[in-house]
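The values are calculated or read from the model by the stated rules, or taken from the named source; none is laboratory data. Because the structure is predicted, anything quoted here is derived from the model rather than measured. All Cβ positions, even for glycine, are placed from backbone atoms using ideal geometry, and neighbour counts span all protein chains on display. For accessibility, only protein heavy atoms count, side chains too; no ligands or nucleic acids. Shrake-Rupley method; radii C 1.70, N 1.55, O 1.52, S 1.80 Å.
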Amino acid sequence: MNNTTSSICPSILNYNSAIHISYIIWRICGLLCILFGIPGHVFSIIITTNKVYRKQPVSLYFIAIAICELIFLFGVSWLWCVDMSLIKIDPRQIFSCGIFYSLLIGPTILSNLYLASMSIDRSVMILYPARYRALITRRHVLIRICVILIIIIIVMIPHHFYYYYDKKTTLFLCEFHDFIDRWRIRLWPFIHAILFVSIPSLITYISSIILIHNRCKHRRVTKNHLSENARRIERNSILILFVTIAISFSIFPHVILEIFTVHDRLYNHDQYCSTRWKTYKILLNWFLTLGALNYSFKFYIRLVISKIFRKDFLQLIACLALRRIKTNEQQIIPLKTRTIQI
């Protein structure tokens, strides 16, 4: 028994510097998430709901993805505020840990699936341009978004009964109830990894490759005499592929961490030591850091890629600035009137 305990809790390792660095990085990235991620998604929702974008079926995907990632960022921001002692109550104490886990992980799954579904529609538009408007309508897209949402809600409901939170003993996000069958808990990370991360990422890869192939084919047909718009689309297609790869590489560590923590918590549940506590704190900090970075900057990536979106964003900023000037002028006029009367 002593040999087993020493292998699980090695006394040689000291993670003090590692845990300190992970806390610093998590606190910086959490602050960036609050300052840039949440406002970015709010701007994205406002811009995408204007009259021009509302006519496009794809805009529904952008709105759904922005809402999902906004929910995730609110959850991460709450944990960051608790970690910084700005808020005393942990969200896992207000909700059940299963509900909070569903609110945190569920939106990331929905974001991946919506991105994959949008990639499929983009591929249909490239492969069947004549039939695209008949196949992809706002009604079809809205139905698909609602069906995916209902399926994920049903999938996430059991987690309310699987998990609980104890401030003294919880090492990662949540703890497992003892009465739950182990195979159910062990199966979920692999379902998450295969169905909700790997397959959507693969679909997005294939769509990006189809887009690049279409641009290369167009270049051969036009014999390199491309218009400025065609060159911009070609550059954006390459950028989309690299962005897709980067997003996938930031998502996969989440899944690996989840598989590792589930396996370790199931087999070493009764063992506790300071080394394992520090290890889990480091893993949790990196889990939240990667999530905050991945789901904070899609708005800014789209701002760089899309010229039309960038133009609409600048118009929105100008409109907000003009409205603020008018509000200030309306507040100043009554003050001048009172001064004259005096």
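Remarks
- Sulfur and carbon atoms: percent of accessible area, the range 106-230 [1.4 Å]: 67
- Residue order by solvent-accessible surface for V42, V124 is V42, V124, largest first, with ligands and nucleic acids left out and a 1.4 Å probe.
- Accessible surface of the range 49-88, 1.4 Å probe: 70 percent of it comes from carbon and sulfur atoms.
- Ranked from largest to smallest solvent-accessible area, with a 1.4 Å probe on the protein heavy atoms, I120, I136 come out as I120, I136.
- Note on surface exposure: R324, R219, R92 rank R324, R219, R92 by accessible area, highest first, 1.4 Å probe.
- Rolling a 1.4 Å probe over the protein chains gives D90 an accessible area of about 10 Å².
- Cross-link table K168/K278; K55/K298; K168/K281, entries beyond 19 Å C-alpha to C-alpha: K55/K298
- Counting charges near T244 (Lys, Arg +1; Asp, Glu -1) among other residues having Cβ under 14 Å from its Cβ returns a value of +3.
- Exposure of E258 as accessible area (Å², to 10), given a probe of 1.4 Å and all protein chains: 20
- Note, ³J(HN,Hα) from phi for the range 198-204, Karplus 6.51, -1.76, 1.60, rounded to Hz, x at Gly and Pro: 5, 5, x, 5, 5, 4, 5
- Residue-normalised accessible area of the range 110-165, given per residue in Å² at a 1.4 Å probe: 58
- Whole-Hz couplings from phi, Karplus 6.51/-1.76/1.60, listed for the range 161-166; x for Gly and Pro: 9, 7, 10, 8, 10, 10
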